[in-house]
Amino acid sequence: MLLDVFKPAHPGLTPEQVEARNAREKSALSSLAGILTNAPMPDSFAVDLMQGYVDGELSLAEVKERIIAETKRRYSSVPSQ
C-alpha cells in the first residue's frame, strides 16, 4: 500500500537534514501502516503531529505529550465505568 500522507520536504535542506527527515518519515509511515491494519486513518490532529515529527519540528516526546494532552482534553468529561 502506498501511503501519500506527508508533505514534501522543505527546499534548502542539507543532505544530512534530508537523510534525517527521510528516516523520520519512514518511521512514521511504518507506524501509520501498523495502525491502518486494525483502525481507520488517524484524524487530522494526529496526522499534523506526525507531519511535525517528520519535518523535525517535534520530537517523539513532544508528539506523545501533545497526544496525551489532547486525549485528556477530548475525553475528560466522559464518565468512567
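Values quoted throughout were computed directly from the atomic coordinates according to the rules given, and no laboratory measurement underlies them. Keep in mind the model is a prediction, meaning the values are calculated, not measured. For neighbour counting, all protein chains shown are included, and Cβ atoms are generated from backbone atoms with ideal geometry for every residue, glycine included.
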### Query
If you stretched the chain out fully between Asp4 and Met41, how much longer would it get, using 0.36 nm times the residue separation minus the C-alpha to C-alpha distance?
12.1 nm
#### Entry: Karplus-derived HN-Hα couplings along the stretch 32-42 (A = 6.51, B = -1.76, C = 1.60, θ = phi - 60°), whole Hz, x at Gly and Pro
5, 4, x, 5, 5, 6, 10, 8, x, 4, x
#### Entry: Mean Cβ neighbour count within 10 Å, used as a protection proxy, ranking 73-79, 30-36 highest first
30-36, 73-79
### Query
Cross-link partners among lysines for Lys72, C-alpha distance below 25 Å, same-chain residues fewer than 8 apart left out?
Lys64
### Message
How large is the Rg to Rh ratio of the chain when both quantities use alpha carbon positions and Rh follows Kirkwood?
### Response
1.04
### Summary
So Ser30 and Lys72, fully extended at 0.36 nm per residue minus their Cα-Cα distance, gain in nm 12.5 nm
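Given an 8 Å cut-off on Cα distances and at least 6 residues of separation, report the relative contact order of the chain as a percent. Could the numbers behind the result be given before it?
Details: 29 pairs, mean separation 24.7, N = 81.
Computed value for the chain: 30 percent relative contact order.
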